[in-house]
Every structure is written in C-alpha cells, then in structure tokens.
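What follows is a short report on a single structure.
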Amino acid sequence: MYKKVLYLPKGAYMNPSFSQPCPFDQASGVRKALDLIADKWTVLVIVALMNDKKRYSELHRKIEGISQKMLTQTLRRLEDNGLVQRKIYPVIPPMVEYSLTPLGETLVEPLKALCRWSFEHFHEVEDARAVTASKENKVDRVVV
C-alpha cells in the first residue's frame, strides 16, 4: 500500500526508461562519472595501465601526443577519483608507479569493447569524414 520513494539530490531527475539517475542532468553523479571516463586522455591512460603498472615516463612514451602537463593532470584526476593508484618507492632517485585500482579495473572490459569497436569501424569513420570533406570542398568552390 505504501509507495516506494526514491530521494534524489536537488536538480537530479530520473530517466523514465531506466528508473536511474539521468546522465543528461549536469548535477548528476552519473554525468560526472561519464565526464571523467569519456575524456580521450583518460581512456588512453586506463588502456595503457590495463595489463600492468607503469612509471610516468613509460606512460608518456606509450601515449603519443600527450603533453607532460596533460598526463600529470589526467593521472591526478584519476587518482582523486579512485581509478588509479600512485605508489612512491623510497629510493634515490624517487620512483613512482601507477596502476589501476579495483574500481579502475572495472573499466577494463567496457574500454576493451570500445577499442574493439574502434578497430572494427575506423575505416567506416574515415570514409564518412572523407565524404563530408569532399562535400565541404564542393561548397567552398561554389562560394569562392
């Protein structure tokens, strides 16, 4: 006879399809988690740490195109959010290793699936880009 009531933080609302907090709401924890893991550098760092712990310099060499500043910011953000663990060894010179936490490891399978999709479909994406680029070039030629 009593209705089950779910209390959400102010500003949060439910997704009627799934009865879960909606990812479209900026204040939602779900949205914040998606913002964290949807970042391209986050994905690459987690994929790089998938199989083993790595030192900072190993990560920097492995992830082409990432600046030292961006790698540092990404690692700090992942550590702050419980996805990456930073271990400092008391040696001279100091040695630091990064590894996935148990929470970070829960992202391994979903990210493997994303990588598989990327591998299987990147040609189609490139073809679509080429079609769009050729259309834009034709429009540019007409305007000029």
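Of everything listed in (1) modelled with pLDDT under 95; (2) more than 14 Å from the chain's Cα centre (by Cα), the single unmet condition for Leu114 is (2). Residues that are closer than 18 Å to Tyr98 by Cβ and of a type outside the set (Lys, Arg) occur in the stretch 31-38; there is at least one. Here Glu105 fulfils each of the conditions (1) over 10 Å from Met50 (Cα atoms); (2) surrounded by 10 or more Cβ atoms within 10 Å (Cβ to Cβ); (3) without any contact (Cβ under 8 Å) to a residue 12 or more places away in the chain apart from (1).
What residue, among those in the stretch 67-96 that are in a strand (DSSP E or B) and under 21 Å from Ile37 (Cα atoms), is most open to solvent (accessible area, probe 1.4 Å)? Among them, the one singled out is Arg86.
The values are calculated or read from the model by the stated rules, or taken from the named source; none is laboratory data. In this text, all values refer to a predicted model and were calculated from it rather than measured experimentally. Using ideal geometry, Cβ is built from the backbone for each residue, glycine included, and neighbour counts are taken over all protein chains shown. Areas reflect the complete protein model, heavy atoms only, side chains present, ligands, DNA and RNA absent. Shrake-Rupley method; radii C 1.70, N 1.55, O 1.52, S 1.80 Å.
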